[in-house]
Amino acid sequence: MAAESLAKCYRNRSVIDFLSTSSKRSEDEMIENELKNHLSKELTFQMPPTDPQTFVRSINEQENGVKIEFLHGTTTLAFKFQNGVIVAADSRASMGSYIGSQTVKKVIEINPYLLGTMAGGAADCSFWERVLAERCRVYELRNKERISVAAASKLLANMVYNYKGMGLSMGTMICGWDKRGPGLYYVDSDGTRMTNYMFSVGSGSTYAYGILDSGYKYDLQNEEAYDLARRAIYHATHRDAYSGGSANLYHVREDGWIKVSQDDVGKLHYQYKDAE
């Protein structure tokens, strides 16, 4: 009797083991077949069109139900005075109504005697001014002297002009000191290049110009020039929703540029309010 029960249990267990083994084997075969079918198909990747201009136009004209708007906002300024060039900028990165960052470095340090500013597309400005830094260094090594501010701005204008109409978004100022003294040039993504004693670029530039025009004089002392630039950036950030963060201030002198200050515009608001 015991022998028969033992034999029955053994047979039942053998059936269960067989069924589970068969199930596992069929599952493995199914996975293997799926992999074979997947790998047998040609692997394809969606590639961007070869013409960047066509691509940018397509995403702005709502083809195929896709529309991307390149919205940016910033405030940058620079002006020449008796002791060099003052450069200032806010630090807010915005994409439409979305604030991406409050700590963006919009004054780009090209070399110890040259500064560039960032307005428009952050990636475009950052990339092309890094390329400019490399070209300036190559010029130094070849010619055994520093590149002039005019030549550096011309290099940048020539580079971006080759991509005119292809979607670059860049409005920058090249500021520095060379053998001819302080230099200030404006360069944008269309290849436009011009020089003047004062520029402001960005969505808050109209507010900054109001302060600069009312307080600018060529014979400003250093502290007066610093205060004018800070006030211009503060008032621009106060009125322009796309500008904000901190007011970063630089001074380009004969012996190179220095970073003067970095002030939170919220604190500047109460500082100027209490002073009134």
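The values are calculated or read from the model by the stated rules, or taken from the named source; none is laboratory data. These numbers come from a predicted model, not from an experiment. Here Cβ is always computed from backbone atoms with ideal geometry, including for glycine, and neighbour counts include all displayed protein chains. Just so you know, the surface numbers come from the protein's heavy atoms only, side chains and all, with ligands and any DNA or RNA stripped out. Shrake-Rupley method; radii C 1.70, N 1.55, O 1.52, S 1.80 Å.
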The residue from MET166, MET194, MET173 that alone is assigned to a strand (DSSP E or B) and open to solvent by 40 Å² or more (accessible area, probe 1.4 Å) is MET194
Exactly one of SER214, SER205 is among the polar types (S, T, N, Q), open to solvent by 40 Å² or more (accessible area, probe 1.4 Å) and either out of contact with any Asp or Glu (no Cβ under 6 Å at 6 or more places or on another chain) or at negative phi (or both), and that residue is SER214
Among strands (runs of 3 or more DSSP E) completely within segment 68-142, the ones holding 1 or more residues that are closer than 27 Å to GLU224 by Cβ and in contact with a strand residue (DSSP E or B) (Cβ under 9 Å, 6 or more places away or on another chain) are 76-81, 84-89, 107-111, 114-117
So, first residue free of Cβ contacts under 8 Å to residues at least 40 places away in the same chain in segment 253-276, second residue aliphatic (A, V, I, L, M) and open to solvent by 100 Å² or more (accessible area, probe 1.4 Å), Cβ within less than 8 Å, six or more apart or across chains; the pairs are none
The residue that is nearest to TYR185 (Cα to Cα), considering only those in segment 146-162 that are assigned to a helix (DSSP H, G or I) and polar (S, T, N, Q), is SER153
When segment 236-263 is checked residue by residue, the ones that are open to solvent by 50 Å² or more (accessible area, probe 1.4 Å) and either among the basic types (Lys, Arg) or closer than 14 Å to SER91 by Cα (or both) are HIS238, ARG239, ALA241, TYR242, ARG253, LYS259, GLN262
